[in-house]
Each structure stands twice: as C-alpha cells, then as structure tokens.
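Novice: Please see the structure below; I have some questions.
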Amino acid sequence: MLSVKPGPSITLNKFITMLSIKKTTLPNKVRIVAVPMRSTEAVTVMVMVRAGSRHETKDINGISHFLEHMFFKGGKRYPDPHSVAEAIDSIGGVFNAFTDNEFVGYYVKVAKEHIGTAFDVLSDMLINARFDKDGLERERGVILEEYKMLYDDPKLLVGDAFERLMFGDQPLGWSVIGLPTVIKKVQRSDFVKYKNKLYTASNIVVAVAGNTSLAEVTKLTRQYLPFAKSAKKNQPLPYRDSKRSVRINIIDKKTEQAHLALGVPTFGSRHPDKYTAKVLSAILGGGMSSRLFMSVRERHGLAYYVHSDDTHYVDTGYLAINAGVDKDRIELALTTILDEFNKISHELVSAKELKKAKEYLIGHFVLMMEDSDAVAMRLGLSELLGNPTETMAYTKQQIKAVTAEQVRNLARRIFTPDALTLLVIGPYNNQKKFADLLKRYKV
C-alpha cells in the first residue's frame, strides 16, 4: 500500500448554499476533488482518467472503450463480473463507466455508510484487473454487438458520424467505440501496455460528492487507490484544423424517418465566448419553446425531435442541430433550420427571449447539480482537463452577462456558408441535391 500524505486542501467559493469544493493532491500526484453535500444520504465516488479515445493511434482505435469494459471482468477480491455486480447490488448501489474522446470515468453511487465498499470495488477493478482470456473473448463479442447496435440505430449513429465528418481523419474524428478490425484483434498485452502508459497517478482525478468529507475521501484514496507516482500528464495530439469548406455525408440507409445533424465548428472549452455559445444554442434548440422546436416541429410538423447540441472539447468544438424528420420533406426541414441560422445572425434577440434562454440554462444547471453524480462528474472533469473550476455563482454570472449583441455577433461568425457540416441518414443516394440546398444559404 502506498504511504502518502495529502497536500494542503483548497476550499473554493460557495458552490451552492452550504456546499463547497475542496481539493488536494497526494504526493503521488493523484488529485482529489471532494464536495461535501450534507443534504443527501448518498455519495458518488468517481475515478476519472485522462485516457479517452483522443489518446489512441489508428491501429488501436477503440482500445480505450474496450479497456473500460474489461475492468468490470474482475480482479483479486472480486474475481468475476458476478462478484463485482453482487458487491454493489447487495448494498443497493449503482455503478457504471463511460468512455469519451478526452476521458474515461468509473463511478459507484451508494448510501453514505457504504463509501468504503465503493472505493474497494473501484480499487480492485482498476488496480487488480486480470484481463483474463475468457473474459476478453466474451467481451469482444459484447462490444461487436454494441458496434452493430450503434450502426443499426440512426438516432445513435448520427452523432457519431457527424463528429467523424466534422473533425476528419484524426483521433478526435475517430469513433470512440473503435474499428471492428481492432476489436477483433486486440490482445491482453495491448490492454496491459495501454493501462500502464495512461492510467498513471498524474492523469487520475478522484472526484467524490455527497455526504462525506475531504478527510474521509483522502484517507480512502490513500488506502484503496495506490497508483504509482508519476508527473507526466497525458497529452493527445493537438487538433488539426484544416481549411474549411462545406462538408456533406449522406448515409444511404432504409429508414422510415430521416436523421440529420447540421452544424458548424466553434471553439474549445476555455474560449471566452463559451457562455455566449450556450445561450445561442438554447435560443435555437433548447427546450420545447425554442425557435427550432416551434418552427420545425410545431409550425411545419416535420419532426418528432429537434434540438441543439453545443459541444466543447479542450481545443475545439461545434454547435449542431439534430433532428429526426419526415424523410419526404427533409429539404424543407433543412431550409427551415438554415432560415433560423440566418435570422439569428442578423436580428437581435428580444429581451424576453434572451432572458428565457438564460433562465432555461440556469434552471437546468441547478437541477442537474442537485445529484451527487453530476457534481462529481462536472468538477472532476474540470480538474482532469485543466479547465477552471467554476462555482455556481460564477456560472450564473457568466450566463446572465451575455448580451443580445454578443449572440448576434457570434452567430454571424460561425454560421457562414463555408462552415456548414451536414450529416444525413436516410433513403437517399443523391448527395448533389443536398449540396445544392446548402449552396443557397447566404449570410
């Protein structure tokens, strides 16, 4: 067991009433973020690792996600999937994991008196993973089925394919689930090598939110998560921004509904216009009274779902409209979306609509942050990626400070004809008609 002493704790500004963020870094460079929440009887323990799919090379594309699955196959104290699951089920907890482009996360949410069990299970999974051959072969089949599920479901596929189109042939543009060729050939030695390279102390954040304290979290982290000391932080290949031109990909697939994503590139998570982009996105497609919901669905009856997606990675991002529309009227749907891009690029948003969008964002944020898992996720991720730790008060302030002029100016900058990126899944084999439609868009 690694013997370490925590560094000085840092208490930041009030996050929510009676809620503060506390941080410390252990001598082995594992960072801890603890958020005591006395209003709940639950606690979420989350281990986040800077080892997402952006850190892969083409020959191992998909290994980050595959490795995440393999950690659940058992270690020393919990030697198989059943014993891992039973340990959490027997205390009424929930556990899961997720792989993203920039990070991987593992969490257990339990009643506060079982926080030790949460640490114990996560420890055995991550420190003592066996990666046994039988478990590997079974999970290989599971992931290949997950891959088929993704490609069979247009609503799932549209986002994955859109990012490939937006970012191109580089790690950020590769699918997180990976390539079937890689899934079929990766071996135990590949997992061990990848884990040893990326799952190092300086690339790990233990984020815990709920009915606990920094002292308790620090003690349990020292006891259960003795990752080897390291100083080097994982850095993915920088995003290469190629010269922009209209990008279109039509995936010809027999469907009863067309699924589309139409968007533009924006900027990374530390950009000063990040909150303006959030307000812009909320005006266009946030909620059932947003502009696109009212025009695409309510006015024209073209779609069941339509929403705006404002996504920021560390060094780049995008704003996209996603919709499932009548396959025979997809051109009207696209024209309607483009009309809204044009309108918001030229006309100032009214004070009433601007306030509604801001309150929508703030309200959703407040509700989300009442859950310990969301708190651990948000604050742990900020620490992991080197983003500023933003208090609730700061976030509200930044949203409220956005002006109608800033929204219009940002829309003018990003909604340009050469920046349009369109991904469509449906029964179409004529890309030219979509290209001609986009060519008619003028700012």
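Novice: All but one of (1) in a helix (DSSP H, G or I); (2) more than 25 Å from the chain's Cα centre (by Cα); (3) surrounded by fewer than 19 Cβ atoms within 10 Å (Cβ to Cβ) hold for A333; state the number of the condition that does not hold.
Specialist: (3)
Novice: Has segment 222-231 got at least one residue that is within 30 Å of Y151 (Cα to Cα) and either surrounded by 14 or more Cβ atoms within 10 Å (Cβ to Cβ) or touching a helix residue (DSSP H, G or I) at 6+ places or on another chain (Cβ under 7 Å) (or both)? Steps first, please.
Specialist: Step one: of segment 222-231, the residues within 30 Å of Y151 (Cα to Cα) are none.
Within segment 222-231 (the criterion being within 30 Å of Y151 (Cα to Cα) and either surrounded by 14 or more Cβ atoms within 10 Å (Cβ to Cβ) or touching a helix residue (DSSP H, G or I) at 6+ places or on another chain (Cβ under 7 Å) (or both)), the answer is no, since none of the residues qualifies.
Novice: Is segment 71-83 home to any residue that is closer than 28 Å to S269 by Cβ and either of a type in the set (A, V, I, L, M, F, W, C) or part of a strand (DSSP E or B) (or both)?
Specialist: Our first condition is that a residue be closer than 28 Å to S269 by Cβ; within segment 71-83, this holds for 71.
From what's left, either of a type in the set (A, V, I, L, M, F, W, C) or part of a strand (DSSP E or B) (or both): 71.
Scanning segment 71-83, I find at least one residue that is closer than 28 Å to S269 by Cβ and either of a type in the set (A, V, I, L, M, F, W, C) or part of a strand (DSSP E or B) (or both), so the answer is yes.
Novice: Given the conditions (1) out of contact with any helix residue (DSSP H, G or I) (no Cβ under 6 Å at 6 or more places or on another chain); (2) open to solvent by less than 60 Å² (accessible area, probe 1.4 Å); (3) modelled with pLDDT of 95 or more, report the number of the one that E390 does not fulfil.
Specialist: Of the numbered conditions (1) out of contact with any helix residue (DSSP H, G or I) (no Cβ under 6 Å at 6 or more places or on another chain); (2) open to solvent by less than 60 Å² (accessible area, probe 1.4 Å); (3) modelled with pLDDT of 95 or more, the odd one out for E390 is (3).
Novice: Residues of segment 129-145 being surrounded by fewer than 17 Cβ atoms within 10 Å (Cβ to Cβ), part of a helix (DSSP H, G or I) and not basic (K, R), which ones?
Specialist: Passing the criteria: D134, E137, G141, V142, L144, E145.
Novice: Considering only segment 275-297, state which residues are open to solvent by 30 Å² or more (accessible area, probe 1.4 Å) and over 19 Å from S350 (Cβ atoms). So that I can check it myself, show each step before the final result.
Specialist: Restricting attention to segment 275-297, the residues satisfying the condition of being open to solvent by 30 Å² or more (accessible area, probe 1.4 Å) are 278, 288-289, 291, 294, 297.
Matches in segment 275-297: R297 only.
Novice: Which of the helices (runs of 4 or more DSSP H) found entirely inside segment 350-440 contain at least 2 residues meeting this: closer than 30 Å to S245 by Cβ, touching a Lys or Arg at 6+ places or on another chain (Cβ under 6 Å) and among the β-branched types (V, I, T)? I'd like the intermediate steps shown before the answer.
Specialist: Details: elements: 351-368, 372-385, 392-400, 404-414, 431-439.
Those helices (runs of 4 or more DSSP H) do not exist here; none qualify.
Novice: While we're on this one: Do we have K219 as within 24 Å of the chain's Cα centre (by Cα), in a helix (DSSP H, G or I) and surrounded by fewer than 22 Cβ atoms within 10 Å (Cβ to Cβ) here?
Specialist: no
Novice: If I filter segment 92-128 down to residues being part of a loop (DSSP other than H, G, I, E, B) and under 25 Å from the mean Cα position of the chain (by Cα), which single residue comes out as nearest to A376 (Cα to Cα)? Walk me through it before giving the result.
Specialist: In the first step, residues of segment 92-128 are kept if they are part of a loop (DSSP other than H, G, I, E, B); the result is 92-93, 100-103, 128.
Narrowing the set further to residues that are under 25 Å from the mean Cα position of the chain (by Cα) leaves 93, 100-103.
Numbers: G93: 16, D100: 16, N101: 19, E102: 17, F103: 14 Å.
Result: F103.
Novice: Now a separate question. Taking segment 388-440 as the search range and keeping residues that are within 22 Å of E163 (Cα to Cα) and among the aromatic types (F, W, Y), which one is nearest to the chain's Cα centre (by Cα)?
Specialist: Only one residue fits best here, namely F415.
Novice: Out of everything in segment 86-123 that is within 30 Å of E163 (Cβ to Cβ) and aromatic (F, W, Y), what residue ends up being least open to solvent (accessible area, probe 1.4 Å)?
Specialist: Within segment 86-123, the subset within 30 Å of E163 (Cβ to Cβ) is 94-109, 122.
Now restrict to residues that are aromatic (F, W, Y): 95, 98, 103, 106-107.
Numbers: F95: 56, F98: 51, F103: 15, Y106: 0, Y107: 48 Å².
The residue in question is Y106.
The values are calculated or read from the model by the stated rules, or taken from the named source; none is laboratory data. Since this is a predicted model, take the numbers as computed values, not measurements. Cβ atoms come from the backbone with ideal geometry, glycine included; neighbour counts cover every protein chain shown. Keep in mind that these areas ignore ligands, DNA and RNA; they rest on the heavy atoms of the full protein, side chains included. Shrake-Rupley method; radii C 1.70, N 1.55, O 1.52, S 1.80 Å.
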